[in-house]
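Working notes for the structure below.
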Amino acid sequence: MLIDVATKYYEKELDYNCAETMLYAANEYYKLNLSKDALKTVGSFGGGMAIGNVCGAITGCLAALGVIFVEEKAHESDKIKIITKRFIENFGKQFGYIDCAPLKDAYKTEEKRCEDMIFAAAEIMEEVVVYGKTLE
């Protein structure tokens, strides 16, 4: 399961931020074969792009969904828009927020950090990947 791979990247030993965790985990789980430089592109998305905006777990997953579903250009198909909307709506329904700052206020603890958001993002990602493949 994606959640198991995400846990590995988020744990203190590897200690990636939320966006990195999700892209690294998706890269491994879905065998995306992204280069180290490609993986580093989401580094600045942690902490809601460092200003508490959209949760890094979301942005990391969306980056992976783009790799999985965009064939050439995203605007050439509605598929990625549909999948992105579904991901964000499901995440928002579960937590009531999609932005990092209120999520951290409501759910982050010193002990588990942002595990709730990481675990939920992994579960939602798996669901939307399956859903996205039905759109093909």
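The values are calculated or read from the model by the stated rules, or taken from the named source; none is laboratory data. Not measured: the values here are computed from a predicted model. Ideal geometry is used to build each Cβ from the backbone, glycine not excepted, and the neighbour counts take in all protein chains shown. Accessible surface areas use protein heavy atoms only, side chains included; no ligands, DNA or RNA. Shrake-Rupley method; radii C 1.70, N 1.55, O 1.52, S 1.80 Å.
Tallying residues that are open to solvent by 60 Å² or more (accessible area, probe 1.4 Å) and either farther than 19 Å from Tyr16 by Cα or of a type in the set (Ser, Thr, Tyr) (or both) within segment 116-130 yields 2. Every listed requirement among (1) touching a Ser or Thr at 6+ places or on another chain (Cβ under 9 Å); (2) open to solvent by less than 70 Å² (accessible area, probe 1.4 Å); (3) not acidic (Asp, Glu) is met by Leu14 save one, (2). Assess whether Ala74 counts as being modelled with pLDDT under 95 and among the aliphatic types (A, V, I, L, M). Yes, satisfied. Considered as a group, the residues in segment 42-66 that are of a type outside the set (A, V, I, L, M, F, W, C) and under 13 Å from the mean Cα position of the chain (by Cα) include one that is nearest to Lys79 (Cα to Cα), and that residue is Gly66. Listed by first and then second residue, the pairs with beta-carbon distance under 6 Å, at least 6 apart or on different chains, first residue in segment 35-47 and touching a residue at least 12 places away in the same chain (Cβ under 8 Å) and closer than 18 Å to Ile68 by Cβ, second of a type in the set (D, E, K, R) and part of a loop (DSSP other than H, G, I, E, B), form an empty list. Residues that are of a type outside the set (Val, Ile, Thr), open to solvent by less than 40 Å² (accessible area, probe 1.4 Å) and within 17 Å of the chain's Cα centre (by Cα) within segment 67-83 comprise just one, Phe69. Of the residues Arg86, Arg113, the single one that is of a type outside the set (Val, Ile, Thr), closer than 18 Å to Ala6 by Cα and surrounded by fewer than 20 Cβ atoms within 10 Å (Cβ to Cβ) is Arg113.
Within segment 50-85, the set of residues being closer than 24 Å to Phe119 by Cβ and of a type in the set (Gly, Ala, Ser) comprises Ala50, Gly52, Gly56, Ala57, Gly60, Ala63, Ala64, Gly66.
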